Protein chains: 2
Amino acid sequence: MELFNVLTVQQARSTLAQHLTKGNREEIVPLLNGLNRILSRDICAVEDVPGFDRSTMDGYAVRAKDTFGATESLPSYVNVTGEVLMGQEAVGTVAPGQAWSIPTGGMLPQGADAVVMVEYTEELDELTIGVTKPVAPGDNVVRRGEDVKAGTVVLQAGHRIRPQDLGLLAAVGVTKVPVNLPLRVGIISTGNELVDPSKEAELGKVRDINSYALYGQVLEAGGAPQLYGIVEDEFDSLKGTMEKALNDNDLVLVSGGSSVGARDVTAKVIETIGEPGVLFHGIAVKPGKPSIGAVVQGKPVFGLPGHPVSAMIVFDLLARPIIETAGLPLARKVFPLRAAINRNMHSATGRDDFIRVTLLRLEDGSIVAEPVLGKSGLISTMVKADGVAHLPLSKEGVEAGELVDVWLF
Amino acid sequence: MELFNVLTVQQARSTLAQHLTKGNREEIVPLLNGLNRILSRDICAVEDVPGFDRSTMDGYAVRAKDTFGATESLPSYVNVTGEVLMGQEAVGTVAPGQAWSIPTGGMLPQGADAVVMVEYTEELDELTIGVTKPVAPGDNVVRRGEDVKAGTVVLQAGHRIRPQDLGLLAAVGVTKVPVNLPLRVGIISTGNELVDPSKEAELGKVRDINSYALYGQVLEAGGAPQLYGIVEDEFDSLKGTMEKALNDNDLVLVSGGSSVGARDVTAKVIETIGEPGVLFHGIAVKPGKPSIGAVVQGKPVFGLPGHPVSAMIVFDLLARPIIETAGLPLARKVFPLRAAINRNMHSATGRDDFIRVTLLRLEDGSIVAEPVLGKSGLISTMVKADGVAHLPLSKEGVEAGELVDVWLF
């Protein structure tokens, strides 16, 4: 195997980053179309949310001082001099010894600094209530700006919009959202043995798996995938298709070419298409070692292994981060699940190992990871698995019972 | 607070399930449109994958017996009598003492039962190689049907299609996929204090958050959301809108009405629209207690709290499972992340508590959950959080350092 420049995953990522021309393109979408899109700019609140002090309970807006010392046997009596109506400005003032009735979400009138829950009041007559439990200033009140303060950045560029973020954007009145355009990703499968899934697989042939698995991965990462079909392991055909794909897209994935000769074709085609060309040929990861990373015309091109498991894992390690952020740093943290692996697993130091695992929940709540054995050519092992466990390159393996990071599918 | 029938989350789920008419409707979509859709039927493989024994290495197809005892100093010599071409049927037989050259992915010829990697051979002359390391039968070979056996269920009804599942479906030649139609979900916000996000929020008013957060949650769950805007807390308006929403959709979400009077309006409207009507009014969950679960015309209707955090959490507990599966049991396991909570948290027994948390990774790889404090009316607390920690109803709380389940956003 000719691997002239084997890099670790970290080295591969930073090598790629050095050669990418970061030109994330932006579009403005209506708020309702924003889910899962990546913000292309910081979003700043221009006003306080809420814009006034609000009650969080049904009850009476009071001056807290008027309730000090109140008990069930010795209530504090206050005069009900007004009523806050839902959705309306509270015009007027609560003077000492006074209270206004107020619904949940109602605007606190001037003078009042707390709300007594209706459960802690008794009606003496139509104009007087007894408060049976004291409140402190601010009790049962959301203060103006307590949710969002005017002038603050509420969501950062690079953030992926979740349902609650749609809610927050609505709250601050942002109904058009600046997001990255999805990265266009061209997908090519190579291999003389491949046929389209709609075709019969005659003896010697297998159906193209990688185009479809990668298509799903690109979509999941927020990209816009386009399939270029199956190309023979032959220089001119691959060059023609790759030039077309590069022309139409921001990133190109070529998978297949598992045999030595075929791998060389992919690398040679990349080298003739443009500068800087192949940056590395081989990464210190298992499965997925015989991968090619390249940049041509400022666009990343990946030569992924033909084995579906390897292709998917290398995609996640190298291509996914670029597609997810369209060049921006990701503003959101991601966390693996921690699970106890249930058998000893060997791993070479200096190499990142990814082991397909199924997960199992024990009575005590802890989670066990059971390796899915099987060759990296078997897509069924990825289907059976719940995720992949990562044995980092600093480790020589793990012992049964040891906690490992599991990245869920 | 009038809560005439408070159920636990489990009781609420099973009460709802009893009244739902499970009519998941199906559609057939092209494979490339299948990502994240829920299979409406089991998918069965009609043929073996691969359809023949395949080499996983570049090398020579041999009879393993011919290599027994081979060493570097004393190689086993075999005659090269054929060549397997990629993607073509291997016609002929490897007789004892013979070998065929074979590429990775090539079809194993009859007679051969293993592949010797090219690295463990030496060329003696054009027609003879020496094997320097023995192979066992099956070495470096994927057997016919080893990935998928004909006649087996490869993916179950109720399974959500992931990228690798697209790959598997391609492998077995399934290019049209039977999936559940997305559940149509009508979303209504009620409250005299609400204004559309595109409008100014005058004093006393706040912008509608819940419609947008719920819209995102419905999409994420695989449903087809439709907004019905903001309705006043008034019987006739709500009845008219709810009838329209019920007519157009499979499920209806009404949020808001946080004040006592407003809550009653929602329940009364549901009661007049159809049978069986309100099934529970109040669930033993915090936040989210004042929630209504109902079934009308066989369709679920939820009255969610007005506080955005409560509405989102109750949606996830009760509505999401129905939308995700369109009535089918979910065929895929889901796992929480386990994290150590970093402070004592009180929780009443008999109630499920959900605490917004941010997560933090420690040097040793373990994950710490830090509660995000703040009222359930503040959407910013959901934005700040990475997920919610679950304190189950059997527990009276957790102590700092204890491991809890965290459901990531």
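The values are calculated or read from the model by the stated rules, or taken from the named source; none is laboratory data. On a predicted model such as this, the values are computed, not experimentally measured, just so you know. Here Cβ is always computed from backbone atoms with ideal geometry, including for glycine, and neighbour counts include all displayed protein chains.
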* Unique residue being more than 10 Å from chain B (Cβ to nearest Cβ) and in contact with a Gly (Cβ under 7 Å, 6 or more places away or on another chain) when the list is A:THR81, A:THR93 -> A:THR93
* Restricting attention to region B:58-77, which residues are closer than 28 Å to A:ARG263 by Cβ and more than 9 Å from chain A (Cβ to nearest Cβ)? -> B:GLY59, B:TYR60, B:ALA61, B:VAL62, B:ALA64, B:THR67, B:ALA70, B:GLU72, B:PRO75
* **Positions within region B:36-47 being among the hydrophobic types (A, V, I, L, M, F, W, C) and either surrounded by fewer than 17 Cβ atoms within 10 Å (Cβ to Cβ) or under 19 Å from B:ILE322 (Cα atoms) (or both), in sequence order** => B:ILE38, B:LEU39, B:CYS44, B:VAL46
* To do: Identify all residues within region A:146-182 that are in contact (Cβ under 8 Å) with a residue 60 or more places away in the chain, among the small types (Gly, Ala, Ser), over 17 Å from A:ILE28 (Cβ atoms) and buried (at least 23 other Cβ atoms within 10 Å of the Cβ); write none if there are none.
  => A:ALA171
* Looking only at region B:245-265, decide whether some residue is part of a helix (DSSP H, G or I), surrounded by fewer than 18 Cβ atoms within 10 Å (Cβ to Cβ) and touching a helix residue (DSSP H, G or I) at 6+ places or on another chain (Cβ under 9 Å). => yes
* **Residues located in region B:186-216, provided they are crowded, with 19+ Cβ neighbours inside 10 Å, more than 7 Å from chain A (Cβ to nearest Cβ) and part of a strand (DSSP E or B)** => B:GLY186, B:ILE187, B:ILE188, B:SER189, B:THR190, B:LEU194
* Hey, does region A:360-376 have a residue that's within 23 Å of A:THR8 (Cα to Cα), outside the structural domain of A:ALA319 (by TED's automatic domain parsing), among the hydrophobic types (A, V, I, L, M, F, W, C) and over 24 Å from the mean Cα position of the chain (by Cα)? -> no
* Checklist (1) in contact with a Ser or Thr (Cβ under 8 Å, 6 or more places away or on another chain); (2) surrounded by fewer than 23 Cβ atoms within 10 Å (Cβ to Cβ) applied to B:GLY303, failing item -> (2)
* Asked: In region B:158-175, is there at least one residue being out of contact with any helix residue (DSSP H, G or I) (no Cβ under 9 Å at 6 or more places or on another chain), assigned by TED's automatic domain parsing to the domain that holds B:THR21, of a type in the set (Val, Ile, Thr) and at pLDDT 95 or above?
  -> no
* In region B:343-374, what residues are surrounded by 16 or more Cβ atoms within 10 Å (Cβ to Cβ) and not in a strand (DSSP E or B)? -> B:SER347, B:ARG351, B:VAL372, B:GLY374
* Asked: Which residues, counting only those in region A:365-385, are at the interface with chain B (Cβ under 10 Å from one of its Cβ atoms), among the β-branched types (Val, Ile, Thr) and under 21 Å from B:LEU362 (Cα atoms)?
  -> A:ILE367
* Search result, residues across region A:250-265 that are farther than 20 Å from A:GLN18 by Cα and away from chain B (no Cβ under 14 Å) -> A:VAL254
* Asked: Taking into account only those residues within region A:222-234 that are over 15 Å from A:ARG184 (Cβ atoms) and modelled with pLDDT of 95 or more, which is nearest to the other protein chains (Cβ to nearest Cβ)?
  -> A:ILE230
* In region B:66-110, residue farthest from B:GLU126 (Cα to Cα) [restricted to those that are part of a loop (DSSP other than H, G, I, E, B), of a type in the set (S, T, N, Q) and free of Cβ contacts under 8 Å to residues at least 24 places away in the same chain] -> B:GLN88
* Among the candidates A:THR56, A:THR104, A:THR71, A:THR81, residue that is modelled with pLDDT under 95 and either under 33 Å from the mean Cα position of the chain (by Cα) or surrounded by fewer than 21 Cβ atoms within 10 Å (Cβ to Cβ) (or both) -> A:THR56
* Every residue from region B:332-355 that is at pLDDT below 90 and among the β-branched types (Val, Ile, Thr) -> B:VAL334, B:THR349
* Can you work out which of the residues in region B:375-390 that are at pLDDT below 95 and buried (at least 20 other Cβ atoms within 10 Å of the Cβ) is farthest from A:SER55 (Cα to Cα)? => B:SER376
* Asked: Looking only at region B:28-53, which residues are more than 18 Å from A:GLN217 (Cα to Cα), within 14 Å of chain A (Cβ to nearest Cβ) and not in a strand (DSSP E or B)?
  -> B:ASP42, B:ALA45, B:VAL46, B:GLU47, B:ASP48, B:PRO50, B:GLY51, B:PHE52, B:ASP53
* Selection status of A:ARG25, out of contact with any helix residue (DSSP H, G or I) (no Cβ under 9 Å at 6 or more places or on another chain), surrounded by fewer than 21 Cβ atoms within 10 Å (Cβ to Cβ) and more than 13 Å from chain B (Cβ to nearest Cβ) -> yes
* State whether the residues of region B:386-394 include one that is out of contact with any strand residue (DSSP E or B) (no Cβ under 7 Å at 6 or more places or on another chain) and within 12 Å of chain A (Cβ to nearest Cβ). => yes
* Condition broken by A:LEU219, with the remaining ones in (1) within 27 Å of A:GLY288 (Cβ to Cβ); (2) under 22 Å from the mean Cα position of the chain (by Cα); (3) more than 8 Å from chain B (Cβ to nearest Cβ) satisfied -> (3)
